[in-house]
Amino acid sequence: MTVTSVHDPSHRETLWELEDAFERGDLVSVFGRCTVSYEGRAASDLGPGDRLLVLKPDGAALVHTDEGRQPVNWQPPGSEHRAAVRDGRLRVVSTRSNPDETLTVRFADVHQLSAMGVTGGRDLDLHGSEEDLRTRILERPALVEEGFEPRETERPSSAGPMDIFGVDAEETPVVVELKRRRVGPDAVGQLARYVRALEEELGADAATDTGGSPAVRGILVAPSVTARAAERLADRGFDHVALEPTPAE
């Protein structure tokens with residue numbers, strides 16, 4: 001690993017560090033005063049400014065400023081990195097050939113250079129997903145309510161696939177919509193579309209059956225809902241079940 005606070009007016013030592021890092025396949029970051037230009041399917045230029053250049057061993061190149069999480073310029077994996085000193089500035093170029101694109105970063109001053117080998121950690125193990133929530137309910141249907149019986153997941157409908165379709169203790173059809181985080185009115189609208197689609201498919205009365213109960217019930221399962229969402233749930237006669245994707249430890 002190399003981390004260097006740079007005082008190298010000629011940029012020669014910085015260039016050697018970069019070339020060695022490229023040869024080793026390191027993850028490289030360079031922070032300093034630079035200009036940025038791009039040529040390819042379009043063209044763009046950034047004037048002088050302090051920016052962070054990240055060069056990944058898979059060929060990706062990212063130029064970051066002090067704002068936002070997205071790079072202001074970038075090259076995708078598969079690009080090739082090169083460095084040289086030209087006209088008293090350190091020039092770092094990232095190119096690819098299909099399509100022809102070139103990202104050029106010219107450093108007047110390099111404040112810091114780091115180069116390190118990074119391995120592992122490429123497979124993301126996602127926790128707290130809607131799939132986790134679905135699994136919890138399928139394994140323990142009573143988490144929705146006593147007597148709930150799941151019948152099908154991703155059940156097709158004219159409004160799209162329903163997360164879980166089932167019946168309650170009274171054999172009333174139930175549409176369960178899953179959300180892994182706090183939700184607003186849009187989630188209620190989505191659930192309403194699925195309920196309406198199922199009512200139309202089953203030929204059910206859109207309001208109630210002969211006993212005064214909903215012909216198709218809607219249940220929104222989410223950790224929490226906004227006040228406006230709660231109002232809309234009540235207006236439509238839907239229920240909310242507060243449930244986290246993974247059980248608390």
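Of VAL54, VAL36, VAL63, which residue is at pLDDT 95 or above, open to solvent by less than 20 Å² (accessible area, probe 1.4 Å) and within 26 Å of the chain's Cα centre (by Cα)?
Numbers: VAL54 fails: open to solvent by less than 20 Å² (accessible area, probe 1.4 Å); VAL36 fails: within 26 Å of the chain's Cα centre (by Cα).
Result of the check over VAL54, VAL36, VAL63: VAL63.
Consider only pairs whose beta carbons are under 6 Å apart and that are at least six residues apart or on different chains; among these, list those whose first residue lies in segment 119-135 and is open to solvent by 100 Å² or more (accessible area, probe 1.4 Å) and whose second residue is at pLDDT 90 or above.
Listed pairs, sorted by first residue: none to list.
THR135 fails exactly one of the following numbered conditions: (1) β-branched (Val, Ile, Thr); (2) more than 23 Å from the chain's Cα centre (by Cα); (3) in the same structural domain as GLU199 (by TED's automatic domain parsing). What is the number of that condition?
(2)
Which of (1) in a loop (DSSP other than H, G, I, E, B); (2) without any contact (Cβ under 8 Å) to a residue 12 or more places away in the chain is the odd one out, the single condition GLU13 does not satisfy?
(1)
Take ASP87 and decide whether it is on the phi > 0 side of the Ramachandran plot and of a type in the set (Asp, Glu).
Values: on the phi > 0 side of the Ramachandran plot: yes; of a type in the set (Asp, Glu): yes.
Considered against the rule, which asks whether it is on the phi > 0 side of the Ramachandran plot and of a type in the set (Asp, Glu), ASP87 comes out as yes.
Does ARG91 fit the bill of being open to solvent by 20 Å² or more (accessible area, probe 1.4 Å), part of a strand (DSSP E or B) and in contact (Cβ under 8 Å) with a residue 40 or more places away in the chain?
No: the conditions fail for ARG91.
Take SER97 and tell me if it is hydroxyl-bearing (Ser, Thr, Tyr), crowded, with 16+ Cβ neighbours inside 10 Å and within 30 Å of THR119 (Cβ to Cβ). Give the derivation first.
Values: hydroxyl-bearing (Ser, Thr, Tyr): yes; crowded, with 16+ Cβ neighbours inside 10 Å: no; within 30 Å of THR119 (Cβ to Cβ): yes.
No: the conditions fail for SER97.
Regarding VAL85, is this residue open to solvent by less than 70 Å² (accessible area, probe 1.4 Å), over 29 Å from THR119 (Cβ atoms), in contact with a helix residue (DSSP H, G or I) (Cβ under 9 Å, 6 or more places away or on another chain) and part of a strand (DSSP E or B)?
yes
Does segment 49-59 include one or more residues that are touching a residue at least 24 places away in the same chain (Cβ under 8 Å), farther than 19 Å from TRP16 by Cα and aliphatic (A, V, I, L, M)?
No, segment 49-59 has no match at all.
Looking only at segment 98-110, decide whether some residue is outside any strand (DSSP E or B) and in contact with a Phe, Trp or Tyr (Cβ under 7 Å, 6 or more places away or on another chain). Working first, answer last.
First pass over segment 98-110, keeping only residues outside any strand (DSSP E or B): 98-99.
Next cut, in contact with a Phe, Trp or Tyr (Cβ under 7 Å, 6 or more places away or on another chain) only: none.
The answer is no, given that none of the residues of segment 98-110 is outside any strand (DSSP E or B) and in contact with a Phe, Trp or Tyr (Cβ under 7 Å, 6 or more places away or on another chain).
The values are calculated or read from the model by the stated rules, or taken from the named source; none is laboratory data. Just so it is clear, the model here is predicted, and its values are computed rather than measured. For neighbour counting, all protein chains shown are included, and Cβ atoms are generated from backbone atoms with ideal geometry for every residue, glycine included. Just so you know, the surface numbers come from the protein's heavy atoms only, side chains and all, with ligands and any DNA or RNA stripped out. Shrake-Rupley method; radii C 1.70, N 1.55, O 1.52, S 1.80 Å.
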